[in-house]
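Peer 1: Next up is a structure, given as structure tokens.
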């Protein structure tokens, strides 16, 4: 291997195991934390992931030549795990053997990146020269290093806005033909997708034929074909449902929507769909489209604003790097797409959200980049696609708002179907909070202070309408005047000082006072939020709610009038209203409609305060806090059973729906394993009889896995808990996924064990500690078999790491549900302790499912719980050995690599 010339600049590496500095002349030394900080402050230093290095050094203002920033500039939209190992592999360099070898690799990596700029075959050359000129003016540290190596193009560059292709309008897709899928045809399609020589799985074939039943013609309106399919890990359910889905799309000309809960499964689905569909059709259109909410995509108008001075400082540098990515991205997806997840964290996440359409201020056809908009392209592509890959929240929101019939699918597959209940719970909730109301104020009135960006209020966005239509102008003025009654900047401070301004702030102040008055924790958990039931409220809260409802109505009424005026203009358009103007008004109508609905929901919520309880809803008051700092005050309303609106809005209009998961059913000790799935899928609220299907996992859990219940780590003993985690990671040699039920304990354990394990060459990464997004943490964990990862619930479902990198899952305790007001209400309605047990078994099953992802995987599932109830053991797959052991006995099995052979542990208690 020919290595590049190293860049002769100092290089610094910091880990929990120590700090190493390599001088420009090639000498590497271990240094103290203070010396490392001094070196970085004195001269530009090469480093990898500056925020992480700063965190390890305890010096938040650390800056230098971050190689990840250079990589993002030179290779935008290219994947790289942001670790020394990951960067070396991405650049084709030798992987450093230990921490002390990392600084030398950093110098080589810098040399490799410079060499890429000089390579005539540099794929991402276009736009680089223009961008580096702008970055040099912004004093980006890398600009002076890279500029001499980037040749000025002979002709002016077509960069970003000029380079991006325009989407084209297409005719509306005809309604799908009504077809029946024959079982032999489904089997043949499955065989084609799995490929010649693939393992024949009888369970997969049966699953595919069962999934095909939802594509039959509907017999009666409001009665969809509803399938509930349990598919054990390893069945191959993705291809199992893609086989009938692709066959139906081909024969009917219709669109199938597959909805997921995690971004990881979306990526997997995109890859698997290549077996059924080509990347592009003959006309260049994509048959498969990944679809997300608007807030996930790069907004070109926001980016242009940022590039022209809307951003300053480090955020302006981020905008330039995002612009580089925007010219090469596949689809403009900034959240889970091909934008590196670590890019935002390098800039402390400042700016990423501002470059998307977070506030619903899109001006649609009025935007100069409308024809190149990533969001509009995705919407149009999905209307013509055979397969749309979306997420649960988007599917439900689109169905609820039903702006466009093309966005309301008739054939739906909910993968990760065990999350549908929680997604519906969030979608159909109502929350009146300080944060929500101040966002509405900004949308109506505009920013409080003089803004650098393009954000404007309603009057500025619809100025041309106001100048043309007097009634519309009056409605806008009335809405803006009423919007002054909403909370403004500094509202939390005014509440703390008991000096609220306006009726809504007065309501929030009364809610805050009542919530604190009823708090029974005694201030023990001052770092966490508090809540109280919205029952038996004092008169001050009821009176404040009445006044606030009047204020909200004074906003809603002129917005309704404005919507009516926009409809009238569209019905009898003036001569100056062109196609772009019409589209912009349509967009404004949509934005108005959902805010009118939001205000109506808030008014309904306030009207119920002080009245009789509604058995369908759970209402409560809350003060949200984090680390003893208040950040919101709110009134919440949730459906007691959110599957009621889900059934009405999503299921009933559909023709066929499949909910599938490896943990859809409850492995209850009783015979009714489907009862929970039927209730939590919405099937109980539609007239259709659900089609039930179950396919057991083909994995040999009896010999490939075992559950160890450790009995001698006392609950609440933090030193013992940290010691147990450290010893387990040491015995396993890394490869441990640790799951916690509380962030505070996670941080405490990480703080106690990280240095010790790093010195042994066993790095431990932690969610809520390391300045790295969750998706990137999983990438790092997957890439290094000696790394371990600890985190909370997001890791229980979002980790798909087959192979040796994940060989042990550790739960700090039984995941008991948090006994908040909403849970207590549902527990009472759902059977008391049996309801809790169903939730816990589901969490245990999902966590266990992280361990064995392929037939060659093997490992241990450890629960640090002296009092693990036997009634919960049915959460684990039948045949899985379960033992109650001491920590020392568990460590013996880990160190020996013993799995699935209980007789080898003479003193372990084997459970049935």
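Taken together, the values in this text are just the output of simple stated rules run on the coordinates, not laboratory data. As the structure is a computational prediction, the values presented were derived from the model and not from experiment. Note: ideal-geometry Cβ built from the backbone for every residue, glycine included; neighbour counts use all protein chains shown.
Peer 1: Report the relative contact order of the stretch 103-228, percent, no decimals, based on alpha-carbon pairs under 8 angstrom and at least 6 residues apart. Don't skip to the answer; put the middle values down first.
Peer 2: Details: 63 pairs, mean separation 23.3, N = 126.
With pairs under 8 Å counted, the relative contact order is 18 percent.
Peer 1: Shifting gears a bit: Would you mind giving the three semi-axes, in whole Å and largest first, of the ellipsoid equivalent to the stretch 431-629 according to its Cα gyration tensor?
Peer 2: Working: eigenvalues 275, 69, 38 Å².
Equivalent-ellipsoid dimensions as semi-axes: 37, 19, 14 Å.
Peer 1: Quickly work out the residue 198-to-residue 185 label distance, labels modelled 7 Å from Cα along the C-beta direction, and quote it in nm with one decimal.
Peer 2: In this crude spin-label approximation the distance works out to 1.9 nm.
Peer 1: Now for a separate question. Which of 646, 501, 123 has the fewest other C-beta atoms within 10 Å, and how do the rest follow up to the most? Don't skip to the answer; put the middle values down first.
Peer 2: Working: 646 28, 501 16, 123 10.
Exposure proxy ranking, most exposed first: 123, 501, 646.
Peer 1: Please report 821, 542 as a ranked list, fewest other C-beta atoms within 10 angstrom at the top and most at the bottom. The partial results should precede the final answer.
Peer 2: Details: 821 19, 542 14.
Going from sparsest to densest Cβ surroundings: 542, 821.
Peer 1: What distance in nm separates the two pseudo spin-label positions at residue 308 and residue 519, each 7 Å out from Cα along the beta-carbon direction?
Peer 2: Inter-label distance under the simple model: 4.7 nm.
Peer 1: At 0.36 nm per residue, and after removing the present C-alpha to C-alpha distance, how many nm does the segment from residue 557 to residue 137 gain when stretched out fully? All intermediate terms of the calculation are to be shown ahead of the outcome.
Peer 2: Values: separation 420, 0.36 × 420 = 151.20 nm, distance 4.92 nm.
Taking 0.36 nm per residue and subtracting the Cα distance, the gain is 146.3 nm.
Peer 1: Could you give me D for the stretch 107-161, from Stokes-Einstein at 25 °C and 0.890 mPa s, where the hydrodynamic radius is the Kirkwood radius over C-alpha pairs? Units µm² s⁻¹, please.
Peer 2: Numbers: Rh = 11.8 Å.
For the chosen part, D equals 207 µm²/s.
Peer 1: Sorted from largest down, what three extents in whole angstroms do the Cα atoms of the chain have along their principal axes?
Peer 2: Largest first, the chain extends 81, 74, 66 Å along its Cα principal axes.
Peer 1: Once you wrap a convex hull around the alpha carbon atoms of the stretch 538-647, what is its projected area averaged over all directions, in nm²? Before the final figure, lay out each step's value.
Peer 2: Working: hull surface 44.2 nm².
Spelled out: convex hull of the Cα atoms, projected over all directions, averaged, 11.1 nm².
Peer 1: For the stretch 642-740, count the residues as N, evaluate 2.2 N^0.38 Å, and divide the Cα radius of gyration by that value, please. Could the numbers behind the result be given before it?
Peer 2: Working: Rg = 20.6 Å, N = 99, 2.2 N^0.38 = 12.6 Å.
Output field value: 1.64.
Peer 1: Counting only C-alpha contacts under 8 Å and six or more residues apart, can you give the relative contact order of the chain as a whole percent? Write out the running numbers ahead of the final one.
Peer 2: Working: 1652 pairs, mean separation 125.7, N = 912.
Rounded, it is 14 percent for the chain.
Peer 1: Can you give the relative contact order of the stretch 471-619 as a percent, counting alpha carbon pairs under 8 Å and 6+ residues apart? Before the final figure, lay out the partial values.
Peer 2: Working: 118 pairs, mean separation 46.0, N = 149.
Reported as a whole number, the value is 31 percent.
Peer 1: Calculate, axis by axis, the spread of Cα positions in the stretch 704-813 along the three principal axes, and write the results as whole Å, longest axis first.
Peer 2: Principal-axis extents of the Cα atoms in the stretch 704-813, largest first: 35, 33, 29 Å.
Peer 1: Moving on. Viscosity 1.002 mPa s, temperature 20 °C: give me the Stokes-Einstein translational D for the stretch 27-112 in µm²/s, with Rh taken as the Kirkwood radius over C-alpha pairs.
Peer 2: Working: Rh = 13.4 Å.
This corresponds to a translational diffusion coefficient of 160 µm²/s.
Peer 1: Using the Kirkwood formula over every pair of different C-alpha atoms, what hydrodynamic radius in Å results for the stretch 116-204? Can you show the working numbers first?
Peer 2: Working: mean 1/r = 0.0523 Å⁻¹.
One over the average 1/r among Cα pairs gives 19.1 Å for the stretch 116-204.
Peer 1: While we're looking at this one, here's another question. Based only on the alpha carbon positions, what is the Kirkwood hydrodynamic radius of the stretch 758-908, in angstrom? Please list the in-between numbers first.
Peer 2: On the way: mean 1/r = 0.0583 Å⁻¹.
17.1 Å is the Kirkwood radius here.
Peer 1: Quick one: order 560, 530 by neighbouring beta-carbon count within 10 Å, fewest to most. Mind dumping the intermediate values first?
Peer 2: Working: 560 16, 530 19.
With the sparsest Cβ surroundings first, the list reads 560, 530.
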